[in-house]
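This report refers to the structure that appears directly beneath it.
The values are calculated or read from the model by the stated rules, or taken from the named source; none is laboratory data. Keep in mind the model is a prediction, meaning the values are calculated, not measured. Neighbour counts are summed over all protein chains in view; Cβ atoms, including those assigned to glycine, are modelled from backbone coordinates with ideal geometry. Just the protein is used for accessible areas: all its heavy atoms, side chains included, with ligands, DNA and RNA removed. Shrake-Rupley method; radii C 1.70, N 1.55, O 1.52, S 1.80 Å.
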Amino acid sequence: MAGVWVFAETVDGVPKPVVLELLTKARALGDAAAIALGPGASKSAATLGQYGAQKVYIHEDPAFRDVLATPAVDLLARLVEKEQPDLVIFGMTYEGRDVASRLSARLGTALIANATDVTKRDGGWAIVSPMFGGSLLVTTVPKTKGPTLVLIRPKAVAAEPAGSAGAPDVQTLTDPVQTSKPVARVLRRETEKASGPKLEDATIIVSGGRGLGAPENFKMLDELAAELGAAVGASRAVVDAGWKPYSFQIGQTGKTVKPTVYIALGISGAMQHTVGMKGARTIIAINKDPEAPIFKLADLGVVGDVHKIVPQLIQEVRSRKGK
Amino acid sequence: MNVLVCVKQIPDPNAPGKLDPQTKRLVREGVDLVLDPGDEHGVEAGLQLIEKDAGEVTVISMGPPKAVDAIRRALAMGANRGILITDPALENSDAISTARAIAAAIKGQSYDLIICGTESTDGSSGAMPAQLAELLGLPLLSFAKKLEVSQGKAVIDRQTDDGYDVVEAPLPAVVTVTGGINEARYPALRGIMQAKNKEVRQVGLSDVGLDGQAGKAALTQEVVDATPAEARKAGEVVEDKGEGAKRVADFLKALKVI
Ligand SMILES: Cc1cc2nc3c(=O)[nH]c(=O)nc-3n(C[C@H](O)[C@H](O)[C@H](O)COP(=O)(O)OP(=O)(O)OC[C@H]3O[C@@H](n4cnc5c(N)ncnc54)[C@H](O)[C@@H]3O)c2cc1C
Ligand SMILES: Nc1ncnc2c1ncn2[C@@H]1O[C@H](COP(=O)(O)O)[C@@H](O)[C@H]1O
């Protein structure tokens with residue numbers, strides 16, 4: 001069986017959601033192994049095993065948390081040389097992208113980014129990536145020897161625990177991590193607190209665009225979101241205008257979300273936005289322009305003014321909840 | 001302070017993209033070509049650094065001879081000079097070839113900082129800058145939404161999922177900038193006139209000693225298929241005549257989310 005590795009990003013020993021998605025894919029393609037690095041990584045081993053990792057490589061040196069990319073690349077390059085996996089998959093995240101790209105330059109092997117699927121083909125791999133805002137699906141095959149490196153977009157695969165997973169074989173690595181060469185070091189971390197569920201995890205997302213007219217009008221979205229237990233998202237136009245921080249941005253250069261319900265308010269539905277949300281089970285759009293492209297994918301579209309409809313909607317939701 | 005800014009020429013992102021059915025590559029003919037808007041922020045970031053602290057901005061691009069127009073645009077914004085790596089053998093290169101070509105072309109030059117966009121607007125793989133950093137053995141400060149350079153160090157605010165990290169690296173370093181880092185200036189007429197006289201050096205693969213190691217001869221991957229994705233079907237669109245909110249609430253109720 002092919003050796004398929006997953007770069008398992010963890011935060012304080014908890015795998016990021018994308019890691020479980022990647023493992024779900026990896027175990028379907030071959031013998032899955034996970035590489036989890038940084039303080040607390042060993043705590044993630046059981047979960048990684050549940051999602052299909054037969055083997056988990058752990059290294060708990062703090063450098064993996066505090067220094068960008070290079071310690072992970074050094075370690076992966078050594079491990080790859082020794083164990084010769086066939087495929088290494090990474091989440092298309094900030095860290096995943098830097099590590100995979102550097103590693104590809106180090107090893108001289110193919111790196112395929114922005115992928116939504118990997119399948120076996122002719123003894124090798126075929127990788128599918130959406131282009132032009134997801135209107136076209138492009139299939140790429142690697143031409144190099146050595147492991148193929150693939151960056152998979154979050155939410156491309158639904159995470160499912162493996163049925164019959166035993167405890168993984170845990171290999172704890174302790175070889176010294178070199179940080180003497182010039183590195184990028186994290187001095188401090190700042191979080192921009194948002195109330196309610198995280199965008200990536202939310203069942204319902206209420207998302208606002210330039211049609212809201214002014215930053216203060218997001219207050220009514222917050223109110224609606226609170227009533228629905230929803231997270232608040234935004235289009236890039238809103239983020240570029242400084243109305244909301246980047247962490248709210250949904251789309252090609254923002255987050256990919258797959259909620260049960262996505263409510264787009266004053267969003268035109270540009271391709272670069274819809275690529276990040278068209279995986280929603282149900283889409284509702286309110287826009288005053290009947291020609292807005294968002295109506296082409298909405299299950300329910302209302303042509304009207306958000307300033308009028310949203311406050312009414314908050315009342316309607318309240319009254320239905322009261323019943 | 002010498003800053004190198006990597007810029008890419010791309011088909012106008014406001015025009016819908018097309019793939020050549022034969023080569024499965026982006027069609028560049030008959031489409032307006034522009035300096036990648038993402039890279040304008042890189043040029044701007046470089047210019048702001050040398051305005052604070054003396055120095056020069058060199059822009060570098062790999063592409064067809066026409067890519068000189070993208071370089072000229074950066075020169076019109078105020079960059080000092082340009083390098084264009086162009087060679088028929090580099091047509092349809094992978095990101096890694098771009099990184100190799102740029103690394104080879106700047107060998108022996110002195111620079112404190114290399115600035116790139118986080119990802120190109122057309123390809124959007126975002127791989128090239130990290131590959132370049134790796135080939136040059138330099139630290140990479142990626143996803144910068146703020147950049148400060150002082151005392152031989154660069155410090156950035158690095159975008160994260162729920163905020164940002166403050167990250168530091170010694171110079172020289174590679175930095176990738178996000179669109180939020182600055183407002184890119186518009187070239188003034190005077191800048192456009194001056195750009196015509198600025199030096200743009202053209203180099204080929206053999207000039208930089210990369211024959212056979214980049215471009216067609218070193219492809220790591222091949223596009224074998226391109227098919228239209230299944231589109232989502234439109235549902236019902238109603239006009240709000242006072243009942244819009246009610247309709248939405250009924251819909252939500254039917255979905256059992258309220
Ligand atoms: C490389 C690249 C990457 C990009 N990445 C992203 C991305 O990740 N995410 C993203 O969102 N965008 C992205 N964009 C930008 C994208 O192309 C659009 O410009 C953006 O999504 C538009 O945001 P918007 O819908 O809020 O604004 P607009 O397009 O300005 O639309 C506003 C809408 O509000 C409606 N409206 C106005 N007033 C009202 C009212 N009172 N009531 C109801 N409706 C009203 C209007 O009819 C209009 O449809 C990217 C672009 C590029 C080139
Ligand atoms: N052909 C090129 N010439 C110069 N710089 C490039 C080229 N391709 C990519 N870059 C740089 O790398 C960044 C990321 O591009 P990419 O890796 O193609 O998504 C761009 O914003 C540019 O700064």
- Item | Surface share of carbon and sulfur [accessible, 1.4 angstrom probe, percent] for segment A:72-213 | 49 percent
- Item | Built amide H within the under 5 Å cut-off of B:Val203, gap 5+ | B:Leu84, B:Ile85, B:Thr86
- Task: Determine ³J(HN,Hα), in whole Hz, for all residues of segment A:47-62 in sequence, where each value follows from phi through the Karplus function 6.51 cos²θ - 1.76 cosθ + 1.60 and θ = phi - 60°; x replaces Gly and Pro.
- Result: 5, 4, x, 4, 9, x, 6, 7, 10, 10, 8, 10, 9, 9, 4, x
- Note on the structure: Within the set A:Arg188, A:Arg97, A:Arg281, GNM on chain A using Cα springs under 10 Å gives the largest fluctuation to A:Arg188
- Counting only other chains, what is the mean number of Cβ atoms within 10 angstrom of the Cβ of each residue in peptide A:145-151? 1
- Message: I'd like the carbon and sulfur percentage of the solvent accessible area for chain B, probe radius 1.4 Å, heavy atoms only, ligands and nucleic acids excluded.
- Response: 48 percent
- Message: As a test of understanding, state the convex hull volume per residue of segment A:208-317 from its alpha carbons, in Å³.
- Response: 89 Å³
- Task: Report, by chain and number, residues whose modeled amide H sits under 5 Å from the one on A:Val56, excluding near sequence neighbours (fewer than 5 apart, same chain).
- Result: A:Ala34, A:Asp169, A:Val170, A:Gln171
- Task: Set Lys and Arg Cβ to +1 and Asp and Glu Cβ to -1, take the dipole of the protein assembly as shown about its Cα centre, and tell me which of A:Leu107, A:Ser235, A:Val18 lies farthest positive.
- Result: A:Ser235
- Message: So, for segment A:3-172, what is the accessible surface per residue at a probe of 1.4 Å, expressed in square angstrom?
- Response: 35 Å²
- Message: In segment B:138-166, what residues drop by 40 Å² or more of accessible area when the other protein chains are put back, versus the chain on its own? Use 1.4 Å, and skip ligands and nucleic acids.
- Response: B:Pro139, B:Leu140, B:Phe143, B:Arg158, B:Gln159, B:Asp161, B:Asp162, B:Tyr164, B:Asp165, B:Val166
- Item | Taking all pairs of distinct alpha-carbon atoms in segment A:95-137, Kirkwood radius in angstrom | 11.8 Å
- Query: Which whole number in µm²/s is D for segment A:67-116 by Stokes-Einstein, with the Kirkwood Rh taken over Cα pairs at 25 °C and 0.890 mPa s?
  - Reply: 220 µm²/s
- Query: If we count GluC sites (Glu not before Pro) as exposed when they sit in a DSSP loop and have at most 16 other beta carbons within 10 Å, what is the longest stretch of chain A that avoids them all?
  - Reply: A:1-191
- Item | For segment A:3-172, convex hull volume per residue from C-alpha positions, Å³ | 105 Å³
- Query: For segment B:226-242, in order, what is each residue's ³J(HN,Hα) by Karplus, 6.51 cos²θ - 1.76 cosθ + 1.60 with θ = phi - 60°, in whole Hz (x at glycine and Pro)?
  - Reply: 9, 10, x, 7, 5, 8, 6, 8, 6, x, 8, 10, 10, 8, 6, 10, x
- Would you work out which of A:Phe295, A:Gly276, A:Phe248 lies farthest towards the positive end of the dipole of segment A:204-320? Charges go on Cβ: Lys and Arg +1, Asp and Glu -1. A:Gly276
- Item | Gap separating the Cα centres of segment B:142-160 and segment A:86-161, nearest whole Å | 28 Å
- For segment A:114-260, take the alpha-carbon Rg, divide it by the Kirkwood Rh, and send me Rg/Rh. 1.06
- Message: Under 5 Å between amide hydrogens, which residues at least 5 positions from B:Val34 or on another chain qualify, with H placed 1.01 Å from N in the peptide plane?
- Response: B:Ile10, B:Asp12
- Note on the structure: The size of the Cβ-based charge dipole (Lys, Arg +1; Asp, Glu -1) of segment A:3-172 about the Cα centre, to the nearest 20 debye, is 420 debye
- Message: Based on C-alpha coordinates, I'd like the Rg and Dmax of chain B, in Å.
- Response: 21.8, 71
- Calculated FRET value between B:Met1 and B:Arg185, using beta carbons and R₀ = 30 Å, to 0.05: 0.95
- Task: Starting from the Cα coordinates of segment B:219-258, work out the convex hull volume and express it per residue in Å³.
- Result: 161 Å³
- Run a plain Debye calculation on the protein assembly as shown (Cα atoms as equal point scatterers, no solvent) and give log10 I(q)/I(0) at q = 0.05, 0.10 Å⁻¹, rounded to two decimals, same order as the q list. -0.21, -0.89
- Query: Roughly what % antiparallel, to the nearest 5, for the DSSP beta bridges in chain A?
  - Reply: 20 percent
- Message: Which lysines, if any, have their Cα less than 21 Å from the Cα of B:Lys8, not counting same-chain residues under 8 positions apart?
- Response: B:Lys18, B:Lys24, B:Lys66, B:Lys107, B:Lys145, B:Lys196, B:Lys198, B:Lys216
- Message: Which one, B:Gln131, A:Val118, B:Thr178, projects farthest toward the positive side of the charge dipole computed for the protein assembly as shown from Cβ point charges (K/R +1, D/E -1)?
- Response: A:Val118
- With the other protein chains left in place, how much accessible area per residue, in square angstrom, belongs to segment B:122-258 at a 1.4 angstrom probe? 50 Å²
- Compute for chains A and B the buried accessible surface, both sides summed, probe 1.4 Å, and express it in Å² to the nearest 100. 6600 Å²
- Query: Averaged over peptide A:245-252, how many Cβ atoms belonging to another chain are found within 10 Å of each residue's Cβ?
  - Reply: 3
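Per residue, how much accessible surface does segment A:204-320 expose to a 1.4 Å probe? Answer in Å², no decimals. It would help to have the intermediate numbers written out before the result.
Details: 4170 Å² over 117 residues.
Value for segment A:204-320: 36 Å² per residue.
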- In order through segment A:156-164: 3J(HN,Hα) via Karplus (6.51 cos²θ - 1.76 cosθ + 1.60), integer Hz, x for Gly, Pro: 6, 10, 7, 6, 9, x, 6, x, 10
- Message: For segment B:49-94, what does the relative contact order come out to in percent, with C-alpha contacts under 8 Å and a separation of six or more?
- Response: 42 percent
- Query: With charges only on Cβ, +1 for K and R and -1 for D and E, what is the dipole size of segment A:1-96 about its Cα centre, in debye, rounded to 20?
  - Reply: 240 debye
